Amino acid sequence: MKNTVVKILSAAFFWTAFHAGASCLDEAPRMFFLQPSNEMAGQASLLSKVLRDELGHSKPLVLQWSRHGSNDYWPKSGAGWLQGALQDAAPLYLIHGLYLDDRYDAALRGSDQKLSLLLQNSRQQSVKQAKHLLQAMPNGLRAWYLPEEIDDLNWQTPQRQKLLVEHLLALRQSLGAVKKGLPIHMSAYFGGHGSAQVFAAFLRTVHEQTGIVWILQDGQGVIRSPAPDTLHYLRVIHETLPAQAWIGLIEAFDERQVQGQTQYCPASANELRARQAVWCLATGRAAQAVFSLSQLHPEILGAGANRCVQAR
């Protein structure tokens, strides 16, 4: 089934290249995600080289988080491996991720009150993290990234949407006091849990009220059953949101289930090309961001890179 989908999307690629010109499909990625992981700690020098080769000094690097639960990737001592790798690759254009509470997904499934309390704590921790990051990397910091991802399932009610807007407005005010004028980015994705028009309108309202710039995940690397109509969702979002309100993101991985374990393995070049074709067909513009460097350069995971090789 998967090979059939890839063939269909590859045909779409050639159709697009013929009818719309090759400029959209030929556009190189402009932004790369890095999801910090302790597996990278022994590969800091290799990570620095990958960052220099892929980014140069102009392409943004989005750090998905700098603290994730109890994992602090940016210790106040300044001796963290991630901080050292970025400094060795400097100067960089950094969109810096803040704090992600590892209870966030569970809180989404709980009551509004519990979610509100978690977001309140996340705001406090993220502002502390922002102050620390600004002192540690004052020159390369260009924007903030909020690691909590927004979907089309858990934010459908007016109460939840009001809670999100209030959270983002309070956080924007606090981050503005840390450093004025930095844009704030946040990811959104869809699983076909409602109308594409309703989800797009929700994203537009949040952008208009808070200034959040959405990074839209296409979900083409994720196992979803039933799979949503990605082309339709992207087209509706493109028609509903102003161009400056969103950035498209291609997932450079394939999710796999191997002996009960979930693995995220590098997608082939043909698959990535077919996924970009969907963006070009739906929106007329290429997805600018790629998730993530770990799939494009699995060697930065050290021994962890072997898992997908064994799975194949």
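Read-outs throughout are calculated quantities, based only on the coordinates presented, and are distinct from any laboratory measurement. Keep in mind the model is a prediction, meaning the values are calculated, not measured. Counting neighbours? That spans all protein chains shown, and the Cβs are built from the backbone with ideal geometry, glycine included.
For this structure, a couple of remarks:
- Cβ-to-Cβ counts within 10 Å put MET137, MET40 in ascending order as MET137, MET40, the fewest first.
- Intensity falloff of the range 67-216 expressed as log10 I(q)/I(0), Debye formula with alpha-carbon point scatterers, at q = 0.10, 0.13 Å⁻¹: -0.37, -0.62
- Bins of 5 Å from zero: percent of alpha-carbon pairs in the range 25-96: 3, 16, 27, 28, 15, 7, 3, 1, 0
- Entries of LYS114/LYS180; LYS59/LYS131; LYS49/LYS128; LYS49/LYS179; LYS131/LYS180 with Cα pairs more than 21 Å apart: LYS114/LYS180; LYS59/LYS131; LYS49/LYS128; LYS49/LYS179
- Its relative contact order, with pairs defined as Cα atoms under 8 Å and 6+ residues apart, puts the range 163-312 at 20 percent.
- Relative to the Cα centre, the charge distribution of the range 117-220, modelled as +1 at Lys and Arg Cβ and -1 at Asp and Glu Cβ, gives a dipole magnitude of about 560 debye.
- FRET E, pair ASP112, GLU39, Förster distance 35 Å, beta-carbon r, rounded to 0.05: 0.45
- Residues whose amide H falls under 5 Å from that of TYR73, counting only those 5 or more places apart or on a different chain, are ARG67, HIS68, with hydrogens built in the peptide plane.
- Of the DSSP H helices in the chain, those whose Cα atoms cover at least 18 Å axially and whose Kyte score averages 0.5 or more: 2-20
- The local environment of LEU108, defined by Cβ-Cβ distances under 13 Å, has a net charge of -4 under the rule Lys, Arg +1 and Asp, Glu -1.
- Backbone amide hydrogens, once placed in the peptide plane, bring GLY219 within less than 5 Å of GLU251, excluding anything fewer than 5 places away on its chain.
- Ranking of ASP53, ASP112 by neighbouring Cβ atoms within 10 Å, starting from the fewest: ASP53, ASP112.
- Remark: HIS68, HIS132 ranked as HIS132, HIS68, counting other beta-carbon atoms within 10 Å and listing the fewest first.
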